[in-house]
Amino acid sequence: MSSSPNPPQYLRAVASSEIFIKSRRTRARFMPILQANLEHALGGEQSTATVTQGKHNDFQIVTDDLEAAGATAARVFGIDRLDLLTHIEAPTLEALASGVDRLVGDEVVGKKFAVRVRRTGNHEWRSKDAEIAIGNALIGRSAGVDLTAPELLIRVRVERQSAGVVAKSWSGPSGLPVGTQSPALVLLSGGIDSPVAAWMMMRRGCPIDMLHFQLECNQADHALAVGHGLATAWGYGADTTFHVINFESVKKEISASVHPRLRQVILKQLMTAAAHQVAGHLDIPLVVTGDSLGQVSSQTAANLVEIDRYAGAPVLRPLLTFTKQEIVDRARQIGTYELSTRAREVCDLSEGRPVETAAPTDRLLHSIGRLRSGLIDDAMATWESIPAAEWFPGVPLTPRGA
């Protein structure tokens, strides 16, 4: 298809439109962070990849395995699209049409096709002129042109005297580059919801740590396995650390001292308050959960207000208005669903009783007042941590003993 046995290729990574519409000063801050996250994703200092910022909120990536690099870079937050481009020289309109013909002429045989050209720079011809010229060069071997539903869409990007023909494309997650917003501490249960909440916070530019409240010994490794998969696949620039606090004694105390209808709300109140303590120690300003409004009785609007009231600080809930099916669909998309579905429910303290949907403040405070003094301090003393990059099942965590 090409007169050259190995026509040069490269990746073009396009930053999200959210970055494009920001002020020049903000773009100047965001783009180097996005470039660093791309370099991290592509292997850091040990990589052969080079990432060069372009002039149009984009990056050019050159490496040995462009298809693998494209698939990886498509998981970097702040990237909207990646194109694998085959380079051709295009000093004239005729040279452009001839070069595209050499590259894709064999692919149009027997197919209906369309051509889309985007260009930057000054030319004596318009993008429409280029589309017509390329179409005229190809039409003799094709089944004709179809501009609405072509069997083959030929996309060409022209920049001054050069052009690239798109060989393959990937859609990125868009959003903001991780590291452009404040860090967040995400409560990680290991179920379906909390990893999706973590993903969404990273998509808004937040580096994240993950906090798991251990209620049964064998559940912590499962939860961290889910978090590890998420951090490995998507956490470029996040530098995530896992934190685990043993809450089994708190669970037992609540079961022994609190009415079954209030136990779920009180457990969440104490977890959220403890999470804010951890976040304070780590100088992390945001605490995040996977709560979805009305999904279960402890997540009614009234109960969520009581949870925040007791913690004395707000909690971010990126899934608040999501349906369960929407959360499941996103979990499948980001790759956490299969492992999350293996989690067992260890937080149900209601003994089959209905959970209070609007637990009164005074009853909640009275019930918490019946719990053993120092209960949360004892739980906080079990706090352990490990960088997500160093975690594997069974590895010992480092005590922090807050």
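Every number in this text was worked out from the coordinates using simple rules, so none of it is lab data. Quick caveat: nothing in here was measured; it's all calculated off a predicted structure. No Cβ is skipped: glycine too gets one built from the backbone with ideal geometry, and neighbour counts run over all protein chains shown.
Here's how it looks for Thr382: its modeled amide H is under 5 Å from those of Asn246, which are all 5 or more places away or on a different chain. Between the alpha-carbon centres of the stretch 365-402 and the stretch 36-58 there is a gap of 38 Å. Principal semi-axes of the equivalent ellipsoid, √(5λ) from the alpha carbon gyration tensor of the stretch 184-399, are 26, 20, 16 Å from largest down. Principal axis extents of the Cα atoms in the stretch 82-186, from largest to smallest and rounded to whole angstrom, are 60, 31, 21. Among the listed pairs Lys111/Lys168; Lys55/Lys128; Lys22/Lys324; Lys22/Lys168, those with a Cα-Cα distance over 25 Å are Lys22/Lys324; Lys22/Lys168.
The fewest-to-most ranking of Leu293, Leu364, Leu38 by surrounding Cβ atoms within 10 Å reads Leu293, Leu364, Leu38. For the stretch 184-399, what is the percent of antiparallel DSSP beta bridges, rounded to the nearest 5? Looking only at bridges with both residues in the stretch 184-399, the antiparallel portion is about 30 percent.
If a helix is a whole DSSP H run, which ones in the chain reach 30 Å or further along their own axis (Cα) and hold a mean Kyte-Doolittle hydropathy of at least 0.0?
260-282
The stretch 143-181 to the stretch 99-134: how many Å between their Cα centroids? Rounded to whole Å, the Cα centres lie 13 Å apart.
Is the stretch 10-93 rounded, prolate or oblate when judged by the Cα gyration tensor, a ≥ b ≥ c being the square roots of its eigenvalues, rounded requiring a/c under 1.5 and prolate requiring a/b larger than b/c? Cα axes put the stretch 10-93 in the oblate bin. The sum of -39500 (n - 2.57) across all DSSP H runs of n ≥ 4, divided by the residue count of the chain, sets its helix-only mean residue ellipticity at 222 nm to -12000 deg cm²/dmol. The structure shown yields percent of Cα pairs over 27 Å apart, and of the options (i) 58; (ii) 65; (iii) 52 that calculated value carries the label (i).
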